[in-house]
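Note sheet for the following structure.
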Protein chains: 2
Amino acid sequence: MPHQSFHPPERTLMGPGPSDVNPRVLEALARPTIGHLDPAFVGLMDEMKVLLRYAFQTEYSLTMPVSAPGSAGMETCFVNLVEPGDKVVICQNGVFGGRMKENVERCGGVAVMVEDPWGTAVDPGKTDETLRAHPDAKILAFVHAETSTGAISDAATLAEIARKHDCLTIVDCVTSLGGSPLKVGEWGLDAVYSGTQKCLSCTPGLSPVTFSDRAVEVVKNRKTRVQSWFMDLNLVLGYWGSGAQRAYHHTAPINALYGLHEALVILENEGIENAWQRHDLNHAALRAGIEAMGLSFAVAKADRLPQLNSVMIPEGVDDAAVRASLLQAYNLEIGAGLGPMAGKIWRIGLMGYASNQTNVLFCLGALDAVLSAQHAPIESGVAVEAAMQVYSA
Amino acid sequence: MPHQSFHPPERTLMGPGPSDVNPRVLEALARPTIGHLDPAFVGLMDEMKVLLRYAFQTEYSLTMPVSAPGSAGMETCFVNLVEPGDKVVICQNGVFGGRMKENVERCGGVAVMVEDPWGTAVDPGKTDETLRAHPDAKILAFVHAETSTGAISDAATLAEIARKHDCLTIVDCVTSLGGSPLKVGEWGLDAVYSGTQKCLSCTPGLSPVTFSDRAVEVVKNRKTRVQSWFMDLNLVLGYWGSGAQRAYHHTAPINALYGLHEALVILENEGIENAWQRHDLNHAALRAGIEAMGLSFAVAKADRLPQLNSVMIPEGVDDAAVRASLLQAYNLEIGAGLGPMAGKIWRIGLMGYASNQTNVLFCLGALDAVLSAQHAPIESGVAVEAAMQVYSA
């Protein structure tokens, strides 16, 4: 029995990512492939670096997309900066801090954890104390926007604390890039990685990274070789560096880069401050609807990400049945909770292209209908109107 | 000055890869993105494994695409199988054997090299001798089809020698998969990696891999943790494994996987033996034209890959000028030589969708015209007809 072409269902993606992709990005993916050493492609790479610097709000020279998903971007930061025996202080307030620990240990480093409850921001005071107690720490690593919980942390303050203790920072900005204010240069972050499938309205598969000159110096002056050949920035830079030195390293994912370039052109065209405001507005509308239904958020207002809304699952409601019903009957994907939050929250994403009025109203209407059908204790029939009041204000 | 959408030139890609992409694959890339835990996507993953097993000609359970380019597929094989202190015998007859050495050393392993001249096949006798001299070797690594030279090696015989010495094999099949007979199961290869941008007619960015049960046992029984979190098969398997155990590891590059699935459906539809024959036929036609022009091949006939033709650059011809002229005036990309073969050969790819009659005739005509304009010592005006005689036979 021969296999057939795969035609995916048309979903509305309002989970933790991938989020809805801008149709312009999908169209760009299908453009004709060219060689990875073609002068036209080299021009694309040069533009990409400029556009990524805009998205990250930095002038760092080493700014480029890693040719693999966000978790490879994370690993690129750790394997290049951590040498055996290096001490890294890691702030954990969700899934991804734990993954950072895994990375440090696999590099032969020593991880010192600063634990905060899931769903809260990283505590700068505790971080400061920990760094003081570990004066030999080389790096502070933390997550700017925790995709597993929807909490944002104060990256500017954490970076300032790190500098005070003469530490580099490694910062996970997978979910913040393009959705929440992120000012890599002004805040002086040192090694930052992100993903394409969240607030950039692009498909998954690439990981934009940016490194401060200070971090690049550390990479260049390592005592040991980077344990990964694929992720060794000393080699990757020969390819993504300036024209004269360009050397073959690996074959770049050409068409995926067409898509990212298009997504970044769209972001530049909108203006990054406007993108941040759009994420705020749609979050406010969703929040109005969620609260009008009588539901509540898992994250305190001050720490809440606009692009990832963790909503408490009401008592007696069947988590999996609600999500399955939304997916099957409405073609609407929302996310489940992870780890200790599994079964307790839904994660409703309003990321990038998915952060729009239609999605907010559609999601509220669908959630209202599905919860009502389950006889959930909610106020039915008021959410959409509450959200519309925000848009009309 | 705002940036604009990128519209690539329409090239004919006859270099060492990426090669021409089947338009059906490009179209598939642009289909709507769905979530990486969506039941529909899980179905796609299951089909992908079946289709990849067909392409590799194996029943190995662990068969899947790594979410990154071929060099990450290579690294996936080495970091999972090599532990610190392990001895690996590597056959080098081109660029990629050297990269294998880099990988072994970065895993803390000891590389023992078997050197053969660039452009020749790996010598089984020398390999056997080396393994006999190193009875503590754990792995034999070699390249099936050397993309840097266009030489094919006898993978079946090399694997048999490895088994005799109780070694696992790691085999680079980046350029052979879909283009030359490759029978992973019958030959008993243990860890095989490939790329999508060569004979599969797909875009670059993914690396299909397949592991024998024997290799999987070695991975599962490691004394040390795999140094890469992203490439650790113990974790990746939780995601690509069977349905019940499926656990989030990283966000798969959804749309790139649509493209690979489509490419594999096309291959299944053509039939893999037919694809091998097509590559042979177009190579024969190109060869007839090349030889009619008075040009010669860098690789002896018995070792020659049909999908990668290394043609000697005639005396007095400006390598870079010819390639630039082909690219600029004809939109035709052919490849340069690498390493010791730089400036001495051109690499003309006839891979996947690019292996067709139109490309062969177009390339011969263009090469004839450009070389004639450079007053190269060739027989002009006969190449296309010589190739046509092969097609008419």
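The values are calculated or read from the model by the stated rules, or taken from the named source; none is laboratory data. Fair warning: this is a prediction, and the values are worked out from it, not measured in the lab. When we count neighbours, we look across all protein chains shown, and the Cβ atoms used for this are built from the backbone with ideal geometry, even at glycine.
A few points about this structure:
- Candidate set: the stretch B:20-33, residues that are more than 7 Å from every other protein chain (Cβ to nearest Cβ) and assigned to a loop (DSSP other than H, G, I, E, B); chosen: the one nearest to B:Cys173 (Cα to Cα): B:Asp20
- As a summary of the residue check, B:Ala288 satisfies the conditions (1) outside any helix (DSSP H, G or I); (2) not assigned by TED's automatic domain parsing to the domain that holds B:Leu37 except for the one numbered (1).
- Any chance A:Asp38 is in the same structural domain as A:Leu168 (by TED's automatic domain parsing) and under 26 Å from A:Glu217 (Cβ atoms): no
- Residues that are of a type in the set (Gly, Ala, Ser), farther than 15 Å from B:Gly316 by Cα and more than 29 Å from the chain's Cα centre (by Cα), drawn from the stretch B:362-385: B:Ala369, B:Ser380, B:Gly381
- Within the stretch A:110-139, the set of residues being of a type in the set (A, V, I, L, M) and closer than 26 Å to A:Lys301 by Cβ comprises A:Val114, A:Ala121, A:Val122.
- Tally of residues being buried (at least 24 other Cβ atoms within 10 Å of the Cβ) and among the small types (Gly, Ala, Ser) across the stretch A:210-251: 2
- Checking B:Pro253 against (1) in contact with a helix residue (DSSP H, G or I) (Cβ under 8 Å, 6 or more places away or on another chain); (2) over 21 Å from B:Gln197 (Cβ atoms), the condition it does not meet: (2)
- The stretch A:169-190: number of residues that are surrounded by 24 or more Cβ atoms within 10 Å (Cβ to Cβ) and over 23 Å from A:Pro340 (Cβ atoms): 11
- When the stretch A:313-329 is filtered for residues that are surrounded by 16 or more Cβ atoms within 10 Å (Cβ to Cβ) and more than 14 Å from A:Gly15 (Cα to Cα), the ones remaining, listed by number, are A:Ile313, A:Pro314, A:Val317, A:Ser325.
One line per residue, one yes/no per condition, for (1) of a type in the set (A, V, I, L, M); (2) in a helix (DSSP H, G or I); (3) under 21 Å from the mean Cα position of the chain (by Cα):
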| residue | (1), (2), (3) |
| --- | --- |
| B:Gly73 | no, yes, yes |
| B:Pro84 | no, no, no |
| B:Lys101 | no, yes, yes |
| B:Gly108 | no, no, no |
| B:Ala111 | yes, no, no |
| B:Pro117 | no, no, yes |
| B:Ala121 | yes, no, yes |
| B:Thr130 | no, yes, no |
| B:Asp136 | no, no, no |
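- Filter pass, B:Gly97 being within 21 Å of B:Pro208 (Cα to Cα), away from every other protein chain (no Cβ under 12 Å) and small (Gly, Ala, Ser): yes
- Sole exception among (1) closer than 24 Å to A:Val265 by Cβ; (2) buried (at least 22 other Cβ atoms within 10 Å of the Cβ); (3) in contact with an Asp or Glu (Cβ under 7 Å, 6 or more places away or on another chain) for A:Cys202, by number: (3)
- Applying the condition of being under 16 Å from the mean Cα position of the chain (by Cα) and assigned to a strand (DSSP E or B) to the stretch A:8-19 and asking which residue is surrounded by the most Cβ atoms within 10 Å (Cβ to Cβ) yields A:Met14.
- Restricting attention to the stretch B:205-226, the residues that are free of Cβ contacts under 8 Å to residues at least 60 places away in the same chain and either within 25 Å of A:Ile254 (Cα to Cα) or touching an Asp or Glu at 6+ places or on another chain (Cβ under 8 Å) (or both) total 2.
- Looking only at the stretch B:340-361, residues that are more than 18 Å from the chain's Cα centre (by Cα) and assigned to a helix (DSSP H, G or I) come to 7 in all.
- Yes/no for B:Ile313 being more than 17 Å from B:Ser19 (Cβ to Cβ), touching a residue at least 24 places away in the same chain (Cβ under 8 Å), touching a strand residue (DSSP E or B) at 6+ places or on another chain (Cβ under 8 Å) and of a type outside the set (D, E, K, R): yes
- Any chance B:Gly85 is on the phi > 0 side of the Ramachandran plot and more than 14 Å from every other protein chain (Cβ to nearest Cβ): yes
- In this entry, A:Val265 is excluded by the filter for residues that are surrounded by 14 or more Cβ atoms within 10 Å (Cβ to Cβ), touching a residue at least 24 places away in the same chain (Cβ under 8 Å) and not in a helix (DSSP H, G or I).
- Checked against (1) out of contact with any strand residue (DSSP E or B) (no Cβ under 8 Å at 6 or more places or on another chain); (2) at positive phi; (3) small (Gly, Ala, Ser), A:Ser67 passes all but condition (2).
- For the stretch B:294-305, the condition of being at pLDDT 95 or above, surrounded by 15 or more Cβ atoms within 10 Å (Cβ to Cβ), more than 30 Å from B:Val122 (Cβ to Cβ) and touching a helix residue (DSSP H, G or I) at 6+ places or on another chain (Cβ under 9 Å) holds for none of the residues.
- Of the criteria (1) more than 8 Å from every other protein chain (Cβ to nearest Cβ); (2) in contact (Cβ under 8 Å) with a residue 12 or more places away in the chain, which one A:Gly17 fails: (1)
- When restricted to residues that are more than 25 Å from A:Val66 (Cα to Cα) and within 14 Å of chain B (Cβ to nearest Cβ), the stretch A:251-283 contains 1.
- Under the condition of being within 11 Å of chain B (Cβ to nearest Cβ), of a type in the set (A, V, I, L, M, F, W, C) and either in contact with a helix residue (DSSP H, G or I) (Cβ under 9 Å, 6 or more places away or on another chain) or part of a helix (DSSP H, G or I) (or both), the residues counted in the stretch A:34-64 number 8.
- Evaluation of A:Trp229 against (1) free of Cβ contacts under 8 Å to residues at least 12 places away in the same chain; (2) within 14 Å of chain B (Cβ to nearest Cβ); (3) farther than 28 Å from B:Asn255 by Cβ (one fails), failing number: (3)
- Residues within the stretch B:326-360 that are free of Cβ contacts under 8 Å to residues at least 40 places away in the same chain and under 21 Å from B:Leu281 (Cα atoms), tallied: 2
- Residues in the stretch A:221-251 that are at pLDDT 95 or above and touching a His at 6+ places or on another chain (Cβ under 7 Å): A:Phe230 alone.
- Just one of (1) facing another protein chain (nearest Cβ under 10 Å); (2) farther than 14 Å from A:Leu305 by Cα fails for A:Thr169. It is (1).
Listed here are the residues, each with its yes/no results for (1) aromatic (Phe, Trp, Tyr); (2) closer than 22 Å to A:Gly35 by Cβ.
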residue: B:Tyr239; (1), (2): yes, no
residue: B:Asn274; (1), (2): no, no
residue: B:Asp303; (1), (2): no, no
residue: B:Ser310; (1), (2): no, yes
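- In this structure, B:Leu295 does not qualify as in contact (Cβ under 8 Å) with a residue 40 or more places away in the chain and closer than 24 Å to B:Val143 by Cβ.
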